[in-house]
Amino acid sequence: MFIYLILGLAFSASITGEVFGPKNPAEKKFWNPLSVNIHLNGYKTTYLDASNSFVFHNVPDGIYVLEVLDHKHYYKTIVLEVLGENVVARDSNIFKGERIVYPLRMQAEKRHVYFEEREAFSIMSIFMNPMLLMTGFMLAVAFLMPKMKMDPEQMQEMKDMQKQMNSGWMSSLLSPPS
Amino acid sequence: MFRFFLLVTFAASIYQDQIGTYDWHKLHIGKVIDIHATTGGKSIAISNRGILAMIKPSGELEWRRILSSIDAYPLFTMSASGIFTYSSGTLTMWTIQEGQILWSRPMPEVLQLVLTTQGISEVLAVLTENTIEIISLQEGELMKKIDLGKPERIVFKNKDSIFVMDKEKNVWKINSKNWITEKIEFGGFGEVICAKDSCVAINGKRAKVINDGEVKEINWDVGRVQSVLDKFYVCENENLVEIAGDEGKSIKQIGKHMPSENSQMWLVESSSDLTIYSLEGSSITLPSSSIPVLKFWGYINSKGEFFGYILYEDYSILCFRNTSIRWIREEGLGHTSSLYFLELPSKEMHAHNQYFAYIKDHNTWSDVLTNFLLRIESQINHRSIELEALEKDSFAFKKLIIAVSKSEYIFAIQSLNSQIFWRLKVKNLIKVVQLSHEEAILIENDGKKTKLTYLDIIEGKKIKEQSYDIETVDVLQIGNEEDSAVYLVDKDFKLLPVVKHSGPELFFYVIDSKNGLIEGLKHNNGINSKVWAMKLGSGEKILTYITNKAGKIHQPAIATGTSRLIYKYADENLFAVASQKGQELFVYVINAISGHIIYRLHQDQVSGSIHLAFHEQKLYIHYWNIKYERYEIISAEFFKSNVDDSASDVLQGYYSGGFSTDYSSKFTPEVTVFTQTYVFPYGVKDMKFTTTLQGITKPSLVMILESNQIYLLDSAFLSPRRKLEDNHDEGLFDDPTLPIYKPNIPWSSVNIANYFIELEGITKLATTETWLESTSVVIAYDLDMFLIRVMPEKSFDVLSEDFSKSAIVLTIGGLALLNILVQRWFSSKCAKENFNT
């Protein structure tokens, strides 16, 4: 076990980097470096020191995913390839993409939005109510229809049609009870 | 694209003012191994789970830090300068107030950390396997490295020297001014025991001691050393012995006690109280808990006040100041290994059960009248036995969570308010099975015998116990509430019924990961017979498996956009097994009854942990793709190959007797499988589907990410039937309501269920249904606990909280008023004339 430990240490590197808060000065003053965690493959965790830097010691050879976790801001996820003492960093979203500067310089990208916004009260929401709209339309028709100046011939046709309806067998059903 | 955003928004989101309404959380640190008081009534604690934390005077955590990784056992020491920890090859110095790293350095295997002084400066002495290294506190730099033989531990220190004992029981004195080492021959005299500033090796009535840097032989008339209390030895008959001059001198008799870890105080337990004594003779008494004490740290401040901490057997830790308890932290829940949801009884059901429990012991002729009157009373005036807190609510949100801790205790937690109602010591628990709404069985196995404890889940009291001379390796629980069965499975896979199955036969399968063997067996009349067996290829190692907990399938068929009906192949007798050979991943979907392999998947270039989720016809596999250096999810969906093109096909099938949405494991139909691979940006620790009682609500995939966030993903994004952009021909199984295929799963913080709450060490999920079809309950646990109600399709079956009742009243009132006014207007002559002319 002792030999493996020595060999492991011989072929292991340190992963280092620096974390920066948001660029916007108004947001930056609320950035708290003490609340930032850095995870390596989900099983190793470290935190920022007084200079906002971090280090993972004794990282054996392999491929790792590094995440910077801040509950207010989003940081890019990085893929790291460790071989001996060499560390190569890439953006995790781009397959075999260009290398990223190493030691890492992690910049906050955007704020997390965890919640839906409540819709503010709007008077239009009452007026856009379908029931109100239907009623309003019916009333408008009821008031406006009589005022429409129709062609006398069309008016006569309508009256004839009405008379036919009234004289038909259905008139007893349609007409209101006396 | 718009469909994308809709799906992303509606998966899980809540409003900011709903924080804490549908969820609660508990943050833990684990079993405390050392704790120190600091200024302002705060405490610094370190746990065996590798967590360092500052605890406020209220008992809440001020800050919490993982030392390298969870469950890496730490070393710790502290002074006013700072906190020093060692874990997983890294030595770190932290500030006390903020828990900020000042420096860290890699170190080989460290055995012990001790703070000492060199002149006026404080330095850190780090004992490794064959050296002692002196580290400066300012920058963490190595000042001096001293080679030793095979050191065992630093036994004590004084202002000039450090004393290190080696494995041969020799003591090395290291001068802290010039770092010169001097060997003190000590071994070979007898067992060596060290107190705070001396070591003693006893041989009969003589003893060799190192005291204040000097070695001498003294008389030893005080008997065998039983333990140590700070700078004193506790010898036979519980005598406190001090090394003074040429003898060991007895100072006081202290009786059966527990020594303080850090001072000259001790604790004596009785059935009614705990008494803490100091050497000066003062004492305080605290109320006793039924739980034994594991460790105790005590202090006396300058005002003569007692304060300190008591660690109990269930890993809870209590802080006291004189006779008052300042806070208690339930750290037993920081070691939750498994968790069960139990249903609670309604008030009526409880009254009913109480009545029948009463008449069981009162069933003579003289009790008839009393029983009759009680029965009537139980139906009219429900006995309130202060059940309200553990009484089922209207929508069954309130459940009893049984959390099984590695402290060998189980905790009963009410799911709405997270209150612990009772706890019980249970060793080697295999499973908890709920029998009825007030009774559960705890199944324990000590390697030779199996013990069944029938438990009243409301009171947390044992009803009866049963013992069997078998070594239970697993428990089979099948069926539903009305017809459930429980069998104990021994190491030869023989089944012993606890609650018998009403059917004639019982089929089950066994996975032998060691030998790469999967077998299907049939149990009939107490005899097992093998139905099928499957041996994996040589070198193939079984990693994990999952059963298809389909539950109630509300919708066995899916209508596609072109009015076709396709039928899910959602047989709940299916299970999936993942195995690995080198970098090749194999996933087999097998029918547990017939042994038919429905589907076999092969993926190359895979590493890391594999996670499976299986629900109805959907199977998801999460893994790390070595070639593309990213996490991926393979989504597979199983359908019956027959497709009905129109309603007439369905009717024809129905009347000809060929139509059925049932599944028979004896005749496996032709299955069409769709698969697709998606890129997911993060690793996961566990993933499960939400389930609902009726199976109507679309399930959401709940994932614990490696960052300890709980992510809710709409399964539509993972559907393998998402149409490819350049594929204009619509296939038989295509669903145009699904978004167009894009390989990357969109990420949105809105779907993070624990929003800004920082959880640590969560590794497992449990889900359960409620009586609201829209709502499931999900809990993530291990170190921390987080419970949330999930509504994948929003709460469509209840009015939302922000439903505007005033608006609807106004609208209806307004319409009614309009109706009256319009009626009056129409009844006027003028309106009639206008209409009839």
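The values are calculated or read from the model by the stated rules, or taken from the named source; none is laboratory data. Everything numeric in this text was worked out from a predicted model, so none of it was measured. FYI the Cβ positions are ideal-geometry reconstructions off the backbone, even for glycines, and counts take in every protein chain you see. Ligands, DNA and RNA are excluded from the accessible area calculation, which covers all protein heavy atoms including side chains. Shrake-Rupley method; radii C 1.70, N 1.55, O 1.52, S 1.80 Å.
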- Item | Tail beyond 50 Å, pair distance distribution of the protein assembly as shown (Cα, percent) | 40
- List the residues whose amide H sits under 5 Å from the amide H of B:LYS398, counting only those 5 or more places along or on another chain, with H placed 1.01 Å from N in the peptide plane. B:ASP393
- Message: If each residue of separation counts as 0.36 nm, what is the full-extension length gain between B:GLN138 and B:GLU60 once their alpha-carbon separation is subtracted?
- Response: 25.0 nm
- Task: Between A:ASP160 and B:GLU348, with labels modelled 7 Å along Cα→Cβ, what's the label distance in nm to one decimal, could you check?
- Result: 6.9
- Item | Qualifying trypsin sites (Lys or Arg not before Pro) in segment B:193-233, DSSP loop, other Cβ atoms within 10 Å at most 16 | B:LYS196, B:LYS205, B:ARG224, B:LYS231
- In the structure shown, of B:LYS56/B:LYS157; B:LYS144/B:LYS183; B:LYS427/B:LYS464, the pairs separated by more than 20 angstrom at the C-alpha atoms are B:LYS56/B:LYS157
- FRET efficiency for B:PHE667 and B:LYS494, Cβ-Cβ distance as r, R0 = 30 Å, nearest 0.05? 0.50
- Using a Förster distance of 51 Å, the FRET efficiency for A:VAL141-B:LYS549 (Cβ separation, nearest 0.05): 0.35
- All aspartates and glutamates inside 14 Å of B:LYS31 as judged from Cα atoms, apart from same-chain residues fewer than 8 positions distant: B:ASP71, B:GLU313, B:ASP314, B:GLU330, B:GLU331, B:GLU408, B:ASP782, B:ASP784
- Query: When the Karplus curve 6.51 cos²θ - 1.76 cosθ + 1.60 is applied with θ = phi - 60°, which whole-Hz ³J(HN,Hα) does each residue of segment B:304-318 get, with x for Gly and Pro?
  - Reply: x, 8, 7, 8, x, 9, 10, 9, 9, 5, 8, 6, 6, 10, 10
- Query: Once you put a point 7 Å from the Cα of B:ILE120 and another 7 Å from the Cα of B:LEU817, both along the Cβ direction, what distance in nm separates them?
  - Reply: 8.6
- Message: Test of understanding: what is the full-extension gain from B:GLU236 to B:GLU129, defined as 0.36 nm times their sequence separation minus their Cα-Cα distance?
- Response: 35.1 nm
- Message: Can you tell me, using C-alpha contacts under 8 Å and at least 6 residues apart, the relative contact order of chain B as a whole percent?
- Response: 7
- Residues whose placed amide H lies under 5 Å from that of B:ASP273, excluding near-sequence neighbours: B:SER288
- Find, among the chymotrypsin sites (Phe, Trp or Tyr not before Pro) in segment A:49-143, those assigned to loop by DSSP (not H, G, I, E, B) with at most 13 other beta-carbon atoms within 10 angstrom. A:PHE121
- Task: Rounded to whole Hz and in sequence order, give me ³J(HN,Hα) for segment B:57-70 from the Karplus expression 6.51 cos²θ - 1.76 cosθ + 1.60, θ = phi - 60°, writing x for Gly and Pro.
- Result: x, 7, x, 7, 7, 7, 8, 8, 9, 8, 8, 6, 8, 5
- Item | Relative contact order [Cα under 8 Å, 6+ residues apart], segment B:195-256, whole percent | 24
- For an R0 of 51 angstrom, estimate the FRET efficiency from the Cβ-Cβ distance between B:ARG375 and B:GLU269 and round to the nearest 0.05. 0.65
- Note on the structure: With T = 4 °C, eta = 1.567 mPa s and Kirkwood Rh from C-alpha pairs, the Stokes-Einstein D of chain B in µm²/s is about 40
- Mind listing which GluC sites (Glu not before Pro) in segment B:297-374 are in a DSSP loop and have 12 or fewer other Cβ atoms within 10 Å? B:GLU305
- Query: Whose amide H sits under 5 Å from the amide H of B:TRP172, counting only residues 5 or more places off or on another chain, with H placed in the peptide plane?
  - Reply: B:VAL164, B:MET165, B:ASP166, B:ILE184
- Message: Please compute the length gained on full extension between B:SER366 and B:GLN477, using 0.36 nm multiplied by the number of residues separating them and subtracting their Cα-Cα distance.
- Response: 35.8 nm
- Which pairs, out of B:LYS549/B:LYS794; B:LYS549/B:LYS698; A:LYS76/B:LYS723; B:LYS425/B:LYS461, put more than 19 Å between their alpha-carbon atoms? B:LYS549/B:LYS794; A:LYS76/B:LYS723
- Go through B:LYS535/B:LYS688; B:LYS167/B:LYS449; B:LYS347/B:LYS522; A:LYS23/B:LYS685 and tell me which ones have a Cα-Cα distance over 31 Å in this structure. B:LYS167/B:LYS449; B:LYS347/B:LYS522; A:LYS23/B:LYS685
- Query: Can you give the average number of partner chain beta-carbon atoms within 10 Å of each beta-carbon in peptide A:28-39, as a whole number?
  - Reply: 2
- Under a 1.4 angstrom probe, counting protein chains only, how are B:ASP649, B:ASP644 ranked by accessible area, largest first? B:ASP649, B:ASP644
- What's the average, rounded to a whole number, of partner chain beta-carbon atoms within 10 Å of each residue's beta-carbon in B:17-26? 1
- Dipole moment magnitude, nearest 20 debye, segment B:401-539 about Cα centre, only Lys, Arg, Asp, Glu C-beta charged: 480
- Query: What nm value, rounded to one decimal, do you get for the distance between A:LYS23 and B:LYS627 when each label is placed 7 Å out toward the C-beta?
  - Reply: 3.7
- Item | Vicinal HN-Hα couplings computed from phi for segment B:573-578 (Karplus, 6.51 cos²θ - 1.76 cosθ + 1.60; Hz; Gly/Pro x) | 8, 7, 9, 10, 10, 10
